[in-house]
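Accompanying notes for the structure given below.
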Amino acid sequence: MSSSDASAPAETATSGPMIKFDKVVKQYGDHVVLDHLDFEVARGDRVTLIGPSGSGKTTILRLLMTLEKINDGVIWVEGDPLSHERKGDKLVPASEKYLRRMRKRIGMVFQQFNLFPNMNVMENITEAPIHVLGMDKDAAVARARELLEMVGLTDKESAHPTQLSGGQQQRVAIARALAMDPDILLLDEVTSALDPELVADVLDVLRDIARTTDITMLIVTHEMKFARDVSNRVLMFDAGRIVEEGDPEQIFTAPEHERTSRFLKAVLAAE
Ligand SMILES: Nc1ncnc2c1ncn2[C@@H]1O[C@H](COP(=O)(O)OP(=O)(O)OP(=O)(O)O)[C@@H](O)[C@H]1O
Ligand SMILES: [Mg+2]
């Protein structure tokens, strides 16, 4: 990155929070989804977001992915404003160019595996590293093979998405996100659309990533055992606010708030 580009994100902040929501407001029309939401995520944190349907979990991830714009407040990623860029000492709405650069730091895997249907597995994984990061094709292919090994799909690099099970597609989607070498990985109910027997393989891959990398992870899941295994913090949301937060042991065994225990009972009853 050119040091003469004044609008370039600093990319140097190694202290301070990885993610900071600062009085973030998000509304759709008159419906306020996030009302001055504040929270921070430290570098290397594995945070699980739980809460009832409609409480704003996906919205938070989509804002981080810059798929949605906030109405007020600022989101900071590694000390750089995500939704804004610095102009002198002021913050102004971010340009597309700035957003593209910030987006590279963040990978997301969605509930519905959204692989490119016209590309095979290898092409799905290497497309962005080659065309967005400008990676050399051989290097991108070599890295993709490492990632395919990690997700247990070495023999599938020429397969097309329709030739794969849902669980296999989701593991390709995870490999594709990691191929961009993101600092932050966002996972939105990545196993909810899978047949039960395919869930374990995907969760094992994610456990592996949590164990072997220092990627900061924000995880929305109803898999409470997985959340307990992987995360070091749980945030309980209701109506766009954090009701309660703590380490998984505390939240899952001794929640302080009635809303949290009611929610957990409902989730566990559904399992
Ligand atoms: N594009 C949109 N237009 C209008 N309203 C929206 C839009 N996206 C989300 N919402 C509303 O914002 C609120 C939060 O939605 P969000 O998807 O973040 O909830 P969630 O916590 O992820 O729920 P779930 O557990 O069902 O996935 C909901 O009331 C939803 O209806
Ligand atoms: Mg959601």
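The values are calculated or read from the model by the stated rules, or taken from the named source; none is laboratory data. Since this is a predicted model, take the numbers as computed values, not measurements. Glycine also receives a Cβ, built like all others from the backbone with ideal geometry; neighbour counts cover every protein chain displayed. We work out accessible area using only protein heavy atoms, side chains counted, and drop any ligands, DNA or RNA first. Shrake-Rupley method; radii C 1.70, N 1.55, O 1.52, S 1.80 Å.
Rounded to the nearest whole Å², what accessible area per residue is found for the chain with the 1.4 Å probe?
On the way: 13050 Å² over 271 residues.
Heavy-atom SASA per residue in the chain reads 48 Å².
When ranked by the protection proxy of mean other Cβ atoms within 10 Å per residue, highest first, what sequence do the peptides 143-153, 23-33 form?
Top to bottom by mean Cβ count within 10 Å: 143-153, 23-33.
With θ taken as phi - 60° and the coefficients 6.51, -1.76 and 1.60, list the Karplus ³J(HN,Hα) couplings across segment 207-215 in order, rounded to whole Hz; mark glycine and proline as x.
Once rounded to whole Hz, the list reads 4, 4, 5, 5, 6, 9, 10, 10, 4.
Quick check: residue separation of Ala269 and Gln112 times 0.36 nm, minus the Cα distance between them. What number comes out in nm?
Stretched fully, the Ala269-Gln112 segment lengthens by 54.1 nm.
Under a plain spin-label model, where a point goes 7 Å from the Cα along Cα-to-Cβ, how far apart in nm are Glu127 and Ala254?
4.9 nm
Ignoring ligands, DNA and RNA, please state the percent of accessible area on segment 111-181 from carbon and sulfur, probe 1.4 Å.
47 percent
Divide by every residue of the chain the summed helix terms, -39500 (n - 2.57) for each DSSP H run of at least 4, and state the resulting mean residue ellipticity at 222 nm, rounded to the nearest 500 deg cm²/dmol.
The helix-only estimate for the chain comes to -11000 deg cm²/dmol at 222 nm.
I want the local charge near Lys57. Using Cβ-Cβ distances under 11 Å, sum +1 for each Lys or Arg and -1 for each Asp or Glu among the other residues. Provide the component values of the computation, followed by the final result.
Details: positive: Arg62; negative: Asp188, Glu189, Asp238.
That works out to -2.
If you wrap segment 111-181's Cα atoms in a convex hull and average its projection over all directions, what's the area in nm²?
4.3 nm²
Can you tell me how much longer the chain between Ser15 and Val32 gets when fully stretched, taken as 0.36 nm per residue apart minus their C-alpha distance, in nm with one decimal?
2.9 nm
Suppose we look only past 16 Å in the calculated P(r) of segment 184-248. What percent of the Cα-Cα pairs does that tail hold?
When all Cα pairs of segment 184-248 are counted, 48 percent exceed 16 Å.
Give me the distance in nm between label points sitting 7 Å out from Cα along the Cα-to-Cβ direction at Ser95 and Val74, one decimal.
1.9 nm
Taking every alpha carbon pair in the chain, what does the distance histogram look like in 10 angstrom bins from 0, in percent?
In whole percents, the pair-distance histogram is 7, 28, 34, 24, 7, 0.
Got a sec to turn the phi values of segment 254-264 into Karplus ³J(HN,Hα) couplings, 6.51 cos²θ - 1.76 cosθ + 1.60 with θ = phi - 60°, whole Hz, x for Gly and Pro?
Those phi angles translate into 9, x, 7, 9, 4, 4, 5, 5, 4, 5, 5 Hz.
About the Cα centre of segment 111-181, how large is the charge dipole given +1 on each Lys and Arg Cβ and -1 on each Asp and Glu Cβ? Please answer in debye to the nearest 20.
Using only the charged Cβ atoms, the result is roughly 180 debye.
Size of the dipole of the chain about the Cα centre, Lys and Arg at +1 and Asp and Glu at -1 on the beta carbon, nothing else charged, in debye to 20?
520 debye
Taking K and R as +1 and D and E as -1, what net charge do the other residues with C-beta under 14 Å from the C-beta of Arg211 add up to?
After counting each charged neighbour, the total is -2.
For segment 198-244 and segment 65-106, write down the distance between their C-alpha centroids in whole Å.
Centre-to-centre (Cα) distance: 25 Å.
What ranking do 256-267, 162-173 get when scored by the average of other Cβ atoms within 10 Å per residue, highest first?
Details: 256-267: 14.7, 162-173: 20.4.
The peptides rank, most packed first, as 162-173, 256-267.
In nm, to one decimal, how far is the Thr212 label point from the Arg262 one, both placed 7 Å along Cα→Cβ?
4.3 nm
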